[in-house]
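Okay, so here's the structure we're looking at.
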Amino acid sequence: MNMKLTNTLSTMLDDPRLFRQHAYVNGKWTHGDGGREETVFDPATGEVIGYIPWLEAHQIREAVDAADAAFVHWRALRADERAERLMAWHDLLQAHREDLAIIMTLEQGKPLPDARGEVEYGASFVRWFAEEGKRTFGETIPSHIPNAALGTLKEPVGIATLITPWNFPLAMITRKAAAALAAGCTVVVKPAGETPFSALALAELAERAGIPAGVFNVVLGEPAEVSKILCAEERVKALSFTGSTRVGRLLLEQSAQTVKRVSLELGGNAPFIVGPDMDPKEAAFAAVAAKFQTAGQDCLAANRILVHESIHDEFVEHFAERMAALTVGNGMESEVDLGPLIHRQAVDKAAAIVDDAISRGATLVAGDQTRAPGENFFMPVLLTGVTPQMKVWREENFAPVAGVTAYRDDDEVIEMANDTEYGLAAYVYTHDIRRIWKLLRALEYGMVSVNSVKMTGPPVPFGGVKQSGLGREGGITGIDEYLETKYYCLGALGSVSGS
Ligand code: NAD
């Protein structure tokens, strides 16, 4: 192990114990029995920031054993007792925000202010579900059976496996785990190998918050190997996955054998529709904000920007001007807007998507890659004249590549916007109420944001339709993914008035 570099990360933290290089199973920091490990790099510099073990099959099963044993006690706590521990976890996330943000920027690459924002965002779900856990009400059902009382109870489904991506390494875990824990479930988390340290810091803080051993486990390993074991496990009752549509389909198939409760938050390919009544500058600035967060590695990124032909040219000018003002660099430096992409393959994929668009007739308005400050960096690109035949239209590019197209009328733009297998989020910019209503109803997306770039947060049901997923996270229904409804019929009660 390269001690010098891994020590560097520890020395940057106020609390070095937040930087853990072991899996966390049954309240213990665990080595891999087979000696396999994975190296974790800082995508901005290519330096090694640490190592994580890969657990063996029997160790993954031990995590399930631990979650199974802990479930008995965790579910038996009162909702307000679980809420107290979740609030303690929330408070610790807030108290260690700066350290968590540093860990995140080093492993993921996003600018430090964005990482701080993600810690806040991630913590906000813990607070939300700490409260929601206290409101998992059942129902009283007016009885159709003589002398009987009918109703429902809400009960935790059991062990939940949570598999998460690298683009939001902390919030994608808390959005799931807080809901599951509040419901009374125990969890086995499998974070992305690129960004394990945020997940492990969450485990350290969960322990300090009094979340008992076995309730929150973090397993690390070869992704396909780990998921096969967890999906085949009958004791795992729910699987919640955030990641690519390709892997989501695989996990859905694997979960079929044990008929799990499956929630999938998959890819997106968001349209950003600009109506003819819009101020082109205002719309262009909003589109830049909606496209380039996390260097475009965001499932909500505005990939296909559809602008009414009457304002298209002016919009493109403003977009290019705003895009040129974005600073690309190491997220640890101040004044950086876009950090690196997660690894070199992502840069190669982005370059191939741009080349494909140009070869099929798109115009490269801006995006000079010779100015990239390092090998994992990709300068923002603006393409115009993009068409449905191009990869930039069809694929989720997950890079700072924006494609603009002009449209003639509302019917045409609806058809264009829906022309994708994805259905996560769409943006609409117009002040015409009739157009807003028409688009809102016609867009085949789980989320539509009108005249606002920001759309997410704890109170809203986050999720997609079509190949963008199943289920919703957050909001008042997010906890339902981890609850069973148990119907009861209490018969032979004698005369029950009003039943
Ligand atoms: P990914 O699908 O490659 O990986 C996600 C997780 O699955 C990781 O933990 C990874 O280790 C694991 N994994 C990878 N291959 C696997 C396999 N063969 N079997 C089992 N597990 C496997 O996705 P990513 O590249 O980490 O993240 C980017 C994707 O996530 C994008 O498509 C993005 O849109 C999506 N995403 C969606 C949301 C949402 O809420 N809808 C949020 C963030 C990211």
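Taken together, the values in this text are just the output of simple stated rules run on the coordinates, not laboratory data. Because the structure is a prediction, the values reported are computed rather than measured. Please note: Cβ atoms are built from the backbone with ideal geometry, for glycine as well, and neighbour counts cover all protein chains shown.
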Tell me, how many Å apart are the Cα centres for region 34-76 and for region 236-255?
18 Å
Listed with the fewest Cβ neighbours within 10 Å leading, Thr152, Thr164, Thr174 appear as Thr152, Thr164, Thr174
Take peptides 319-326, 291-298 and line them up by average Cβ neighbours within 10 Å, highest first, as a rough protection proxy.
291-298, 319-326
Compare the peptides 76-83, 243-250 by average per-residue count of other Cβ atoms within 10 angstrom and give them in order, highest first.
243-250, 76-83
Positive minus negative residues near Leu266 (Lys, Arg vs Asp, Glu; Cβ under 11 Å)
0
Cα-only Debye scattering, region 371-469: base-10 log of I(q)/I(0) at q = 0.16, 0.17, 0.24 Å⁻¹
-0.83, -0.92, -1.44
Taking a ≥ b ≥ c as the square roots of the Cα gyration tensor eigenvalues, with a/c under 1.5 meaning rounded and otherwise prolate when a/b beats b/c or oblate if not, region 42-122 comes out oblate
How large is Rg over Rh for region 184-271, taking Rg from the Cα atoms and Rh as the Kirkwood inverse mean of 1/r across Cα pairs?
0.99
With x for Gly and Pro, the residue-by-residue ³J(HN,Hα) of region 324-336, computed from phi through the Karplus equation 6.51 cos²θ - 1.76 cosθ + 1.60 at θ = phi - 60° and given in whole Hz, is 5, 7, 6, 9, 10, x, 5, x, 7, 8, 6, 6, 9
Determine, for each peptide in 364-376, 177-189, 84-96, the mean count of other beta carbons within 10 angstrom over its residues, then list the peptides with the highest first.
177-189, 84-96, 364-376
For the chain, shape from the Cα gyration tensor axes a ≥ b ≥ c, cut at a/c of 1.5 then a/b versus b/c, turns out oblate
Using θ = phi - 60° and the Karplus curve 6.51 cos²θ - 1.76 cosθ + 1.60, what whole-Hz ³J(HN,Hα) does each residue of region 146-152 get, with Gly and Pro shown as x?
x, 6, 10, 10, 10, x, 10
Region 329-431, Kirkwood Rh and Cα Rg, ratio Rg/Rh at 1.01
If each residue of separation counts as 0.36 nm, what is the full-extension length gain between Glu321 and Thr45 once their alpha-carbon separation is subtracted?
96.5 nm
Karplus-derived HN-Hα couplings along region 412-417 (A = 6.51, B = -1.76, C = 1.60, θ = phi - 60°), whole Hz, x at Gly and Pro:
5, 5, 5, 5, 4, 4
Mind running the shape call on region 266-306? Use the C-alpha gyration tensor, a ≥ b ≥ c as the square roots of the eigenvalues: rounded below 1.5 for a/c, prolate if a/b tops b/c, oblate otherwise.
oblate
Label point at Glu309 placed 7 Å out along Cα→Cβ; residues across region 371-405 whose backbone nitrogen lies under 16 Å:
385-387, 405
The alpha-carbon center of region 152-225 and that of region 277-317 are separated, in whole Å, by 35 Å
Cβ-defined net charge surrounding Gln108, 10 Å radius [Lys, Arg +1; Asp, Glu -1]:
-4
So, counting K/R as plus one and D/E as minus one, what does the shell of residues with Cβ under 14 Å around Ser240 add up to?
+3
Just want the ordering: Cys299, Cys489, from fewest to most Cβ atoms lying within 10 Å of their own Cβ.
Cys489, Cys299
Would you calculate the separation in nanometres between label points at His58 and Arg434, each defined as 7 Å from the Cα along the Cα-to-beta-carbon direction?
7.2 nm
A 23 angstrom limit on the alpha carbon distance is what I want to check against. Which of Lys110/Lys454; Lys228/Lys349; Lys281/Lys349; Lys228/Lys260; Lys28/Lys154 exceed it?
Lys228/Lys349; Lys281/Lys349; Lys28/Lys154
